[in-house]
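Chemist: Please find one structure pasted underneath; my questions will follow.
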Amino acid sequence: MLSIMLAIPAIAAIACLFASAQGARWIALIATLVDLVLGIGLWANFDIGGPQWQFVENAGSLGVFSWKLGIDGFALMLVMLSVFLMPICIGASWVAITERVQEYMAAFLITEMLMIGTFTAQDMFLFYIFFEAGLIPMYLIIGIWGGANRIYASYKFFLYTLLGSVLMLVAMLWMVSFSGTSDIPTLLNTDFPVRVQPWLWLAFFASFAVKMPMWPFHTWLPDAHVQAPTAGSVILAGVLLKLGGYGFLRFSLPMFPEASAQFGWLILSLSAIAVIYTSLVALVQSDMKKLIAYSSVAHMAIVTIGLFAFNRQGLEGAMIVMLSHGLVSAALFLCVGVIYDRLHTREISRYGGLAINMPRYALLFMLFTMASVGLPGTSGFVGEFLSLAGTYRVSTLATLLCTTGIILGAAYMLYLYRRVVFGEIVHDDVRAMPDLSLREIALLAPIAAVVLWMGVYPESFLSPMRGDVATLQARIARAAPAGDSLPTAGKALATPAEHAEVRP
Amino acid sequence: MNASLLMSLPELVLSVGAIALMLVSAWGGQASTRLVSWASVAVLIGAGIALMGPASSGGSAFGGLYRADAFAAFAKVLIYGASAVAIILAPRFFAIGSGDDLRPEYPVLILLSAAGMGMMVSAGDLLTLYVGLELQSLAAYVLASFMRRDVRSAEAGLKYFVLGALASGILLYGISLVYGFSGTTLFSSIATAYGAGQSLGLTFGLVFVFAGLAFKMSAVPFHMWTPDVYEGAPTPVTAFFASAPKVAAIGLAVRVAVEAMGPATDQWRQIVIFAALASIIFGAVAAIGQTNVKRLLAYSSINNVGFVLIGLAAGTQEGVAAVLFYLTVYIVMTLGSFIVVLQMKDSEGQPVETIASLAGLSRSRPALALAMATFMFSLAGIPPLLGFNAKLAVFNAAVHGGLYPLAVAGFVASVIGAYYYLRVVKVMYFDAPGEAYSGRATPVESLLVTLAALFVSPVGWLTLGALGVWTNTAAKALF
């Protein structure tokens, strides 16, 4: 099943190269939709509470690595995010991309394959291959179809992330020579010597912190986002940034629990700085895409503090923030893309008063702005609340600082919204802009639906991961930091339910 | 027949074939070029078939002077393959040259060079080593200046000859020191001498021998001839220089390091580590400013030799297997890149060599650009291409050997290298198209470039299992 999900985009990518422009669009759309259907099938057949690794495939060894695939709850959710966003990306590029359509679609399909591969790989080297290979199509997408300064951005993206990753590869080589296997499930239960863990942890950190991106390794992100075409930004923010969080979750925490605890202060302080600093930077941006890019850095910091809280709320919150941010930032980039396609500028000051002539756009943009801010009822709230609640039990100071970031987040997002959507129309060309087309609504509406679904009933998304969170928490419990919040349990009024459930 | 002669059958086939074809070309003159070329390819194939017999049995011939083991056989397969490609590529390049026709001596010289390289990788004695190396070099000097009316080609030949003679001198000096202090030229006896204890003379000999070999494989700091020779030599010859002699020189260095100087591993390891890191870093940094694609590939070859040496620095069987695997992937990538370079011709059919002229190749010749991009990403070591697996193998050997700082430094330096490979991709894919190249690739060239690209692409993973077995068998022969 997983191999088929990988094969479909790969075959479609080759087919695209030999098709006409319109043919390539249809091939890409159909292939991504088929993958979405397969993904839904995956979720439907995922046995919640069953074995940790499901849909396992092992096609034997290929030299130093072997072709082993399998998913747990975390991977399932991230695979779902990828396959859900891909058809939307293809749709977003339907009319915006007119040059070299075949190669563009092929690059996107290859990206999809590599992302699914990264989340499903059960062999460490296979993971690395998928993880790094993603650089090639993204480099081409930014460099060929990007904005004016695309070449600088593409180089920066490529070299920055490559430098982070090679250090991780050295650590992987050491780990494999230590444990004698590159099988991830085995390595997850391997106790590496406490003396070596910090070095390994730092090597993985170099890679994931860049991918994430964490402050101060984030500088490639605004450049890449601003220059990438809309769909490129969507996939970058929606899925590629999640590779860093997934990496921390899959490798750093369970494989090096002691080192993770030891470096907890580093993560917490970098995250706290990131939240405040990048929020302030976002506040003064005049370019819409850059603003959203900086807000991504702030949201990713909420993910990292949640991960390194070492408790259940933190881990679940981090996962939900990742999923939520994947949807919301993708939708925000699409919203920017919609008006960019009409006016060909991302300058905030060139817009204003869109609520008057684009009411439907204003409504959807409002929803995603609120989700980004973390309004209750949207997915953003669930994730941020859980994540910060988890962190509170470890460090009250970090939580305090990060919560200010939420306030700042509300400030820059609402400020952006006010300047773009409210007020009087001052530019004539803005007045002429038509409201959302059916295609654009078809792109944004599914995301809006899922954002609300995740905000109102997060249990659907939490339940597949619950078992894995428990496993991970048990694995890292021995290293969990004491925490400074000293919560005292009150007297329970009734036996608390294990989790929220709708009873018929 | 004599067992020794049977073991050296590949070299005999090549030598006899070369002499016979020399007579044919003297008799037939210019008109026989085509015949001699294809006959030379046939001779190389014949030599390859001869490898399957006693030549890879693991024995040693002529009282230890010549080794017929799996290691030599593996290296020879690579050498013969690269030589055959160099012969196949030549006719079309010379056909459009300015009056410098392809002469029948060209394939004959390559055959002689291949015979010399075969001797190098099979050497079991310092004298066999030297004779093989000189036979290879003398043929190569002539090949470098094969375009007689071209000033750059003549300069390349002269430069190669003068510096090559200097390197041979250094090597001979080292050999004489080793002989003087150990009293023998046989590798096995030299190993005994090194095992017996420290000796200043032997250490000096080791340093000089490695310096001479470093020149032949163009490792920093003995690399300075490489860019000029690569740029000046006719492109098919450059493709040849970048592939077969590298395999021979590195194969020879591995054999000397392991068989003759194995007990002195700690001493030569320092030299190899220095040369490896210096080659990787210098090769990468110096390539950044290049505008000529052949010079760029020259620095790329220096850079890659550095990675190969990391495998040697490990000094283990695994390291040697990694070296052989890296070399295999490297020559495929390099030959593929040079076939693409051969397609670069302006509207009058004259070869162009600037990187800028690759601009927009992805639109004028999409398949060619895709192949070149594959080679470049692979040379940069980006997964899922096979260049990554090759780098992984050498670094794996280094990590297993406990050389962590070397692995970290090498990996970080590989990122510098990625920059200039990316530049080629950038020019092909991001820049506005320039003047389109004239002419089409011949079917043979298309076939070769397709095969090379497929081997480097993830399709090549299917060969990983078999290659792993072969390289391990070959490496085992040395230990």
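Chemist: To the nearest 10 Å², what's residue A:277's accessible area with a 1.4 Å probe?
Modeler: 100 Å²
Chemist: Would you mind getting me the FRET efficiency between residue B:274 and residue B:463? Use the beta-carbon distance for r and R0 = 51 Å, nearest 0.05.
Modeler: Given R0 = 51 Å and the Cβ-Cβ separation, E is 0.95.
Chemist: If you average over every viewing direction, what projected area does the convex hull of the Cα atoms of the protein assembly as shown give, in nm²?
Modeler: 42.2 nm²
Chemist: Cα-based Rg of chain B per 2.2 N^0.38 Å, rounded to two decimals?
Modeler: 0.92
Chemist: Then there's this: Keeping all protein chains in the complex and leaving out DNA, RNA and ligands, what accessible area do you get for residue A:325 with a 1.4 Å probe, in Å² to the nearest 10?
Modeler: For residue A:325, solvent-accessible area is about 10 Å².
Chemist: Also, I was wondering about something else. Assuming R0 = 56 Å, can you tell me the calculated FRET efficiency for the pair residue A:344 and residue A:56, based on Cβ-Cβ distance, to the nearest 0.05?
Modeler: After rounding, the FRET efficiency stands at 0.70.
Chemist: Here's something else I'd like to know. Radius of gyration and Dmax for the range B:81-190's Cα atoms, expressed in Å?
Modeler: Over the range B:81-190's Cα set, Rg and Dmax evaluate to 16.9, 54 Å.
Chemist: Which order do you get for A:346, B:255 if you rank them by accessible area with a 1.4 Å probe, largest at the top?
Modeler: A:346, B:255
Chemist: So what is the 222 nm mean residue ellipticity for the protein assembly as shown from helices alone, if each DSSP H run of at least 4 adds -39500 (n - 2.57) and you divide by all residues, rounding to the nearest 500 deg cm²/dmol? Could you put the intermediate results ahead of the total?
Modeler: Working: 43 runs with 702 residues, N = 983.
It lands at -24000 deg cm²/dmol.
Chemist: Continuing with this model, one more query. Just counting partner chain Cβ atoms within 10 Å, what average do the residues of peptide B:430-439 show around their Cβ? Present the calculation step by step, with values, prior to reporting the outcome.
Modeler: Values: counts 10, 2, 0, 0, 0, 0, 0, 0, 0, 0.
Per residue, the average neighbour count from other chains is 1.
Chemist: Just by accessible area at a 1.4 angstrom probe, what is the order of B:105, A:112 from largest to smallest? Don't skip to the end; give the middle numbers.
Modeler: On the way: B:105 70, A:112 0 Å².
Ranking B:105, A:112 by accessible area, largest first, yields B:105, A:112.
Chemist: Another question, if that's okay. Can you give the Rg/Rh ratio of the range B:397-470, where Rg is from the C-alpha atoms and Rh is the Kirkwood radius? Provide the component values of the computation, followed by the final result.
Modeler: Numbers: Rg = 18.4 Å, Rh = 16.4 Å.
Ratio value, two decimals: 1.12.
Chemist: Are there chymotrypsin sites (Phe, Trp or Tyr not before Pro) in the range A:200-266 that DSSP puts in a loop and that have at most 16 other Cβ atoms within 10 Å, and which ones? Present the calculation step by step, with values, prior to reporting the outcome.
Modeler: On the way: sites: A:201, A:204, A:205, A:208, A:217, A:220, A:246, A:248, A:251, A:263, A:265; in loops: A:217, A:263.
For chymotrypsin sites (Phe, Trp or Tyr not before Pro) across the range A:200-266 that sit outside H, G, I, E and B with at most 16 neighbouring Cβ atoms in 10 Å, the list is empty.
Chemist: For chain A, what is the accessible area per residue in Å² when the probe is 1.4 Å?
Modeler: 34 Å²
Chemist: Considering the alpha-carbon set of the range A:1-159 alone, what are its Rg and its Dmax in angstrom?
Modeler: 16.2, 51
Chemist: Sticking with this one: Using only the Cα atoms of the range B:141-272, what semi-axes does the equivalent ellipsoid have when each is the square root of 5 times a gyration tensor eigenvalue? Give whole Å, largest first.
Modeler: Those come to 33, 13, 11 Å.
Chemist: Ignoring ligands, DNA and RNA, how do B:435, B:11, B:134 rank by accessible area with a 1.4 Å probe, largest first?
Modeler: From most accessible down to least: B:435, B:134, B:11.
Chemist: Going by the alpha-carbon gyration tensor, a ≥ b ≥ c the square roots of its eigenvalues, is the range B:155-230 rounded (a/c under 1.5) or, if a/c is not under 1.5, prolate (a/b greater than b/c) versus oblate?
Modeler: Prolate, since a/c reaches 1.5 and a/b exceeds b/c.
Chemist: Across peptide A:140-149, what mean number of C-beta atoms from other chains lies inside 10 Å of a residue's C-beta?
Modeler: 2
Chemist: Counting only other chains, what is the mean number of Cβ atoms within 10 angstrom of the Cβ of each residue in peptide B:457-469?
Modeler: 2
Chemist: Based on the Cα atoms of the range A:280-479, what semi-axes does the equivalent ellipsoid have, where each is the square root of 5 times one gyration tensor eigenvalue, given in whole Å with the largest first?
Modeler: Details: eigenvalues 237, 65, 26 Å².
Largest first, the range A:280-479 gives 34, 18, 11 Å.
Chemist: Place a label point 7 angstrom from the Cα of residue B:266 along the Cα-to-Cβ direction, then list the residues of the range B:190-215 whose backbone nitrogen is under 19 Å away.
Modeler: Only B:191-207 pass the distance filter.
Chemist: Okay, next question. Give the value in nm², to one decimal: projected area of the alpha carbon convex hull of chain A, averaged over all directions.
Modeler: 23.2 nm²
Chemist: If you don't mind, there's one more thing I want to ask. Considering only protein heavy atoms, what is the solvent-accessible area of residue B:155 at a probe of 1.4 Å, reported in Å² to the nearest 10?
Modeler: 90 Å²
Chemist: Starting from the alpha-carbon convex hull of the range A:329-419, give the projected area averaged over all orientations, in nm².
Modeler: Averaged projected area of the range A:329-419's Cα convex hull equals 6.3 nm².
The values are calculated or read from the model by the stated rules, or taken from the named source; none is laboratory data. All values derive from a computational prediction rather than experimental measurement. Cβ coordinates were reconstructed from backbone atoms using ideal geometry, including for glycine residues, and neighbour counts include every protein chain displayed. Side chains included, ligands, DNA and RNA excluded: accessible areas come from the protein's heavy atoms. Shrake-Rupley method; radii C 1.70, N 1.55, O 1.52, S 1.80 Å.
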